[in-house]
1. Let's see if you can work this out: charge +1 on each Lys and Arg Cβ, -1 on each Asp and Glu Cβ, no other charges. What is the dipole magnitude of the range 39-198 about its Cα centre, in debye to the nearest 20?
2. Based solely on C-alpha atoms, express the radius of gyration and the Dmax of the chain in angstrom.
3. Please identify, among Asp220, Asp36, Asp191, the residue showing maximal mean-square fluctuation in a Gaussian network model of the chain using a 10 angstrom Cα cutoff.
4. With a Förster radius of 30 Å, plug the Cβ-Cβ distance of Leu147 and Glu201 into 1/(1 + (r/R0)^6) and report the FRET value to the nearest 0.05.
5. Quick one, what does Rg over Rh come out to for the range 157-207 if you take C-alpha atoms and the Kirkwood Rh?
6. Could you name the lysines in cross-link range of Lys149, using Cα to Cα under 29 Å and dropping any fewer than eight places away on the same chain?
7. In the Gaussian network model of the chain, springs joining C-alpha atoms below 10 Å, which of Lys87, Lys18, Lys52 carries the largest mean-square fluctuation?
8. Compute a Gaussian network model of the chain, connecting alpha carbons closer than 10 Å, and tell me which residue from Val56, Val25, Val103 fluctuates the most.
Amino acid sequence: MSCSEGKPDPFGVRKLYKYLRVVDVCDALDGIGYFDLTLMSPEIRPLWLGMKFWGVAATMRCVPPNRPMWKLKTSEEIGDAHGLWFKEVGNVGIGEVLQPGHVLVTSTGGAKEVGFWGSANSMGIMAAGAVGIVTDGYARDTAELTLQKTPVCARARGRTIIPGRIEVVEVQATIGCGGAQVRPGDIVGCDDDGVVVVPLEVAEEVAVHARAVLLNDMRDRRELYKQAGLNPDPTVDYEAVQDYYRQFQ
């Protein structure tokens, strides 16, 4: 799975992660000597249970601003606070970068409470093809994000908006998020157990080992299901997983 420069094609590699759990990938990373290096802080969590995604990292670096938001005079101005702020201080967009299969990883530079990702702008990112958002900062409108099943992992839940609190200064650069380095093109995944980053140069090898871990677990648990008199469910359907991965052999 190589691109024209001889490097792995991250969007092709992403397909190898479809059925993998975060724990399978962590076991594989341990197995090749990458102990804990690419684990994001456990504080960075999915906002709702059952969230799972694997994608290619697109990165965004933010910093706290060095000026406050000015006082607004009318309801109309307050409703357009973001537009007024961006017009004054500028805004570095990510839209031209995003491709289907991207995970947008946001470093907030230690900014204080600010709900950078909310129910509307996160849906816009999904509409552009992203499969998930990860931030070491805050998300807001979290009831709506949960209702919408918008896949956002955040360090905390916040209440405030962007103007006067945070600025985007760079996209598609190497960043730190949750104690892990993230580069454009790395593989990023989440499930109920948390978030992990897989450096692209080892991502194919990690996927192969993680697949073996997963299949062993599924076979063992299928046998335990039988002993317990439980009906099989998709988490022990190792035949489906094997069938999927045959296309890559």
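A short reminder: the numbers here are calculations on the coordinates, not readings from a lab. Predicted model, so just to flag it, every value in this text is computed and none were measured. Cβ sites come from the backbone with ideal geometry, for glycine too, and all protein chains shown count toward neighbours.
1. Charge dipole of the range 39-198: 300 debye, to the nearest 20.
2. 19.9, 69
3. It is Asp220.
4. Details: r = 39 Å, r/R0 = 1.29.
That gives a FRET efficiency of 0.20.
5. On the way: Rg = 14.4 Å, Rh = 13.4 Å.
Reported Rg/Rh (Cα atoms, Kirkwood Rh): 1.08.
6. By straight Cα distance, Lys149 reaches Lys15, Lys18, Lys52, Lys112.
7. Lys87
8. Val25
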